[in-house]
Amino acid sequence: MPESNKLRQLKELLLHEDRDEIALLQAKIKTLESILEKQEQLASRIDPIIDKKLAQYTKDIPEKLGPTITESLKNEIANSKDAVVDALFPIIGKMIKKYIQQEFKILSDKINAQLQKSFSLKNWTRKFKSKVSGIDEENLIIQELAKTEIHEIFIIEKNSGILIANFSKAKTIDKDVISAMLTAIKSFVEDAFKTGNDSLELIEYGLYNIHIQNFNSYYFAVVAHGVFDSAYKGKLEYELLNFAEKHLAKGPKKNISIKLAEFFNNDDL
Amino acid sequence: MTTSKKIVLLGHFGVGKTSIIRKFVTNEFSSDYKVTIGVHILKKEMPVTNGEDVSLIIWDLEGTDNIDLINKAYLLGTHCFIYVYDISRPLTFSNLEENVLKLKEKFPKTLLKTVANKIDLIDDVNDEKYKDTLQKTDYTSSAKTGENIADLFDSITKALVI
């Protein structure tokens, strides 16, 4: 065998493994080149990683950036109050306008519905009432729609705040605690302003009014919804006086709550 | 048939009035101190042996060292006063006798119980330094461990319905 062949054989024996590795590496480089060259293939591999990172970043925003953003917004608003008011004013104005329009539409629909029932007895009665009193029929309908409704009545012992009797159209959280708390509020107001013998007579919240009528050892607290004008107040006071005279003059009786329900479970107060 | 009784808790700030009520009504205790402003009212129904239930309407008044400063209307019509002090803070029972006397003078017909709360904070109840005060006290209690809380309200309920 010639010397050159021997040398080649020896090379092949010694460098066989290295050659295989180089071939493998070359194949891998070619694959990578083709991936890098083809955008779609590259995207399919990188996109899931970016998506995962983005999702984590979005999740972390409230915690990491939230306080900074809130603080910046606070500062911005504090420094440019007029600009904020100017920006919000038209939006709030539009919202209020829309709400009022909607409420008027509902009211108008109700009035129309009432007028369309032209053959009902109630309608004829109203027409008659309108002619006699001189009040427009529409105004009478509005009065009917805005009618005051009694939701609850409490008779409460003045000193202790303990509930004597209760009439309720709906389930309340705890009548006893409400009675005690009303008494505490009443006592607080009466004591805080030290106006002699004056007492708390009305609490207003939203469309509700709590009318308070005092007697010697107890008081009435009436929760009413709707228009609570002086005419209605006068009528209610009269009815409460009547009830007190009939059922409480000789001290509260055991069936006082039933009597209270009978007396006031009537929408035409 | 349920009758209602008004119970009023009074005493200095931070003696554990609210904690006693919470332990009794909801069986909860928290060591976080939240000062009571004005009045807080809770209710607990207590069964009585004759078949009738008694509703205890419990008024938790804000703490004060001078009971003359309490809104009089809060005290009117009360069936039982519970005067609470903190056994680990002598200042809270420094005017115990004076306040108890005032309550007895103004409301002679109303039941009154004195309670030494936070008994879990002292090592020895028989220590001489507590002897005099504890002799004038109806109950020792711990809102934290619940010691004597139920007994206190049980005995009051019984005394009120008899």
Scan A:244, A:221 and give me the residue that is under 25 Å from residue B:40 (Cβ atoms) and among the small types (Gly, Ala, Ser). A:221
I need the full set of residues from region A:105-150 which are in a loop (DSSP other than H, G, I, E, B), at pLDDT 75 or above and under 21 Å from residue A:228 (Cα atoms), in order please. A:135, A:147, A:148
Kindly check whether there is at least one residue in region B:84-92 that is surrounded by fewer than 22 Cβ atoms within 10 Å (Cβ to Cβ) and touching a Phe, Trp or Tyr at 6+ places or on another chain (Cβ under 7 Å). no
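Among the listed residues A:102, A:41, A:9, identify the single one that is assigned by TED's automatic domain parsing to the domain that holds residue A:138 and either among the polar types (S, T, N, Q) or assigned to a helix (DSSP H, G or I) (or both).
Being assigned by TED's automatic domain parsing to the domain that holds residue A:138 and either among the polar types (S, T, N, Q) or assigned to a helix (DSSP H, G or I) (or both) holds for just one of A:102, A:41, A:9, which is A:102.
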Checking the conditions here, which among A:202, A:207, A:182 is more than 14 Å from chain B (Cβ to nearest Cβ), modelled with pLDDT of 85 or more and under 27 Å from residue A:227 (Cβ atoms)? A:202
For the condition surrounded by 16 or more Cβ atoms within 10 Å (Cβ to Cβ), under 28 Å from residue B:105 (Cα atoms) and modelled with pLDDT under 95, what is the one hit in B:12, B:40, B:79? B:40
Checklist (1) within 13 Å of chain A (Cβ to nearest Cβ); (2) surrounded by 20 or more Cβ atoms within 10 Å (Cβ to Cβ); (3) touching a residue at least 24 places away in the same chain (Cβ under 8 Å); (4) hydrophobic (A, V, I, L, M, F, W, C) applied to residue B:70, failing item: (2)
So which residues in region A:161-178 are surrounded by 18 or more Cβ atoms within 10 Å (Cβ to Cβ) and within 8 Å of chain B (Cβ to nearest Cβ), if there are any at all? A:161, A:162, A:163, A:176, A:177
Across region B:108-132, what is the number of residues that are more than 23 Å from residue B:22 (Cα to Cα), free of Cβ contacts under 8 Å to residues at least 40 places away in the same chain and surrounded by 15 or more Cβ atoms within 10 Å (Cβ to Cβ)? 1
Of B:24, B:81, B:29, the only residue that is part of a helix (DSSP H, G or I) and either within 10 Å of chain A (Cβ to nearest Cβ) or touching a residue at least 24 places away in the same chain (Cβ under 8 Å) (or both) is B:24
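The values are calculated or read from the model by the stated rules, or taken from the named source; none is laboratory data. Bear in mind the structure is a predicted one, so any value in this text is a computation, not a measurement. Here Cβ is always computed from backbone atoms with ideal geometry, including for glycine, and neighbour counts include all displayed protein chains.
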